[in-house]
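The values are calculated or read from the model by the stated rules, or taken from the named source; none is laboratory data. Please read these numbers as outputs of a predicted model, since none were measured by experiment. Note that each Cβ is placed from the backbone with ideal geometry, even for glycine, and that neighbours are counted across all protein chains shown.
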Amino acid sequence: MTPSGPLALYVHWPFCVSKCPYCDFNSHVRAEIDEAAWRDALLADLAHEAALTPGRPLGSIFFGGGTPSLMAPSTVAAVLDAAERHWGFTDGIEITLEANPSSVEAANFHALANAGVNRVSLGLQALDDEALHFLGRAHGVTESLAALDVAQAAFGRVSVDLIYARPYQSEAEWLAELNRALSFGTEHLSLYQLTIEPGTRFAALAAKGELPTLDTDEAAHLFELTRQVTAEAGIPAYEISNHARPGAESRHNLAYWRYQDYLGVGPGAHGRRGQLASFRRKKPENWLSAVARNGHGIESEEPLDAPTRAEEALLMGLRLDAGLDLAAVSAATGIAIDAMVDAAAIDRLAGHGLVAREGDRLIVKEAGMLLLDGILAEIVR
């Protein structure tokens with residue numbers, strides 16, 4: 001919430017190797033790419049952001065997007081070398097790369113670790129072959145667990161993603177899957193309930209009544225059960241969908257949720273720099289042309305006024321189990337606390353055990369996390 005302190009850097013690699021039934025990057029599937037051209041463009045985009053943020057070291061770097069684990073390790077190394085040269089790194093910088101758990105990608109893991117990546121976020125998604133097929137994943141459980149073994153050998157820190165509350169998934173099945181995931185010994189779990197995004201194959205199936213979904217009470221029960229089981233295993237929730245051993249929280253994602261400055265480079269990347277929101281061109285070829293023409297891939301930069309910044313800080317910070325400091329948001333934006341939040345609504349919701357006000361800290365309680373969108377609509381002015 002302040003234009004000082006360490007920065008977070010997001011590097012977006014847009015290319016996918018297969019079509020995905022529930023994301024919007026299907027147009028980014030490529031059989032082959034000119035790696036050298038894309039590396040040079042990323043480095044130029046990176047240099048542009050660095051010139052605008054001098055004197056602030058990086059606290060985290062995240063390679064995400066399509067299939068970043070198929071980036072050439074030499075490209076990853078070049079980006080990291082340039083980033084360290086431009087900004088410098090804080091001690092113990094977190095450098096994360098998203099990966100699909102396929103044997104092809106796992107073959108890159110040791111080289112990526114040697115390039116400087118020290119944390120991987122592995123998208124297992126499910127521990128059931130039929131569920132993986134339903135989710136449109138090309139890998140099976142055997143292949144994904146083999147990739148997990150390689151990841152744990154290659155990287156110091158490993159996070160696993162799973163999707164639950166899937167059609168036909170029983171409570172017993174999810175518990176078995178969750179306990180199996182906990183047995184892997186990873187330090188971080190991202191556990192998402194299946195959501196139906198507009199414009200996807202899932203949305204079309206749901207509209208035709210061909211995709212059964214859990215009712216609200218069933219989904220709420222699974223959410224509560226998940227938090228109970230992970231807490232008992234020593235990996236409590238620290239955000240609505242993220243669980244970690246104490247000290248193993250994702251530093252990069254915490255930068256988003258704490259509304260700190262973050263920079264985005266690559267097609268479709270966005271950032272928050274000072275009081276500006278930056279947006280890169282989304283279509284890969286358009287971004288590449290923009291970098292060649294302008295030295296960066298920015299499509300637009302929009303000023304964020306104080307009320308907008310305060311609202312964004314609230315919407316992000318209240319996802320955290322620790323909540324957020326209203327006084328800090330007020331100091332950073334100049335917006336009085338009473339102008340940011342509805343005190344009467346907070347008192348009313350607190351009476352139902354959904355939120356808590358501890359001095360200037362506002363916390364959404366576990367029961368409230370189930371109703372987070374509605375709570376935010378009531379309390380954020």
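Residues are listed down the side, and each one gets a yes or a no for (1) in contact with a Leu (Cβ under 6 Å, 6 or more places away or on another chain); (2) more than 30 Å from Ala151 (Cβ to Cβ); (3) of a type outside the set (Lys, Arg):
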residue	(1), (2), (3)
Leu182	no, no, yes
Leu214	no, yes, yes
Asp217	no, yes, yes
Ala220	yes, yes, yes
Ala231	no, no, yes
Pro236	no, no, yes
Being at pLDDT below 95 and surrounded by fewer than 18 Cβ atoms within 10 Å (Cβ to Cβ) is true for just one of Gly136, Gly65. Which residue is that? Gly136
Sole residue being in contact (Cβ under 8 Å) with a residue 40 or more places away in the chain, in a loop (DSSP other than H, G, I, E, B), in the same structural domain as Phe109 (by TED's automatic domain parsing) and under 24 Å from Asn108 (Cα atoms), chosen from Ala146, Ala138: Ala138
Mind listing just one residue for me: the one in region 347-379 that is part of a helix (DSSP H, G or I) and over 24 Å from the mean Cα position of the chain (by Cα) and, of those, nearest to Val329 (Cα to Cα)? Ile379
Only one of these is more than 30 Å from Ala78 (Cα to Cα) and in contact with a Ser or Thr (Cβ under 7 Å, 6 or more places away or on another chain): Leu178, Leu124, Leu132, Leu189. Name it. Leu178
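Each row is one residue, and each column tells you yes or no for (1) out of contact with any helix residue (DSSP H, G or I) (no Cβ under 9 Å at 6 or more places or on another chain); (2) of a type outside the set (A, V, I, L, M).
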{"position": "Ala172", "(1), (2)": "yes, no"}
{"position": "Arg180", "(1), (2)": "yes, yes"}
{"position": "His188", "(1), (2)": "yes, yes"}
{"position": "Leu194", "(1), (2)": "no, no"}
{"position": "Ala204", "(1), (2)": "yes, no"}
{"position": "Phe223", "(1), (2)": "no, yes"}
{"position": "Glu232", "(1), (2)": "yes, yes"}
{"position": "Leu254", "(1), (2)": "yes, no"}
Within region 165-185, count every residue that is modelled with pLDDT under 95, under 16 Å from Arg137 (Cβ atoms) and surrounded by 18 or more Cβ atoms within 10 Å (Cβ to Cβ). 2
Within the bounds of region 42-60, is there any residue that is buried (at least 22 other Cβ atoms within 10 Å of the Cβ), of a type in the set (Ser, Thr, Tyr) and modelled with pLDDT of 95 or more? yes
Looking at region 234-252, can you tell me whether even one residue there is β-branched (Val, Ile, Thr), closer than 27 Å to Ser159 by Cα and in the same structural domain as Glu171 (by TED's automatic domain parsing)? yes
Entirely in region 239-340, the helices (runs of 4 or more DSSP H) that have 1 or more residues that are at pLDDT 95 or above and in contact with a His (Cβ under 9 Å, 6 or more places away or on another chain): 284-294
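Looking at Gly92, Gly123, Gly88 in this structure, which one is touching a residue at least 24 places away in the same chain (Cβ under 8 Å), of a type outside the set (Lys, Arg) and within 17 Å of Val158 (Cβ to Cβ)?
On inspection, the qualifying residue turns out to be Gly123.
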Filter pass, Asp215 being more than 19 Å from the chain's Cα centre (by Cα) and either charged (D, E, K, R) or not assigned by TED's automatic domain parsing to the domain that holds Ser69 (or both): yes
Checking the conditions here, which among Gly334, Gly368, Gly317, Gly323 is among the small types (Gly, Ala, Ser), crowded, with 18+ Cβ neighbours inside 10 Å and at positive phi? Gly323
Of those in region 186-221 that are of a type in the set (Asp, Glu) and at pLDDT 80 or above, the residue nearest to Ser241 (Cα to Cα) is Glu187
Which condition from (1) at pLDDT below 95; (2) surrounded by 14 or more Cβ atoms within 10 Å (Cβ to Cβ); (3) within 20 Å of Pro101 (Cβ to Cβ) is the one that Ser18 breaks? (2)
If you scan region 266-318, which residues turn out to be over 22 Å from the mean Cα position of the chain (by Cα) and basic (Lys, Arg)? Arg293
I'd like to check something: does region 91-112 contain any residue that is under 23 Å from the mean Cα position of the chain (by Cα), closer than 24 Å to Glu224 by Cα and surrounded by fewer than 22 Cβ atoms within 10 Å (Cβ to Cβ)? no
Any residue at all in region 274-286 that's over 30 Å from Gly247 (Cα atoms), aromatic (Phe, Trp, Tyr) and in contact with a Pro (Cβ under 6 Å, 6 or more places away or on another chain)? no
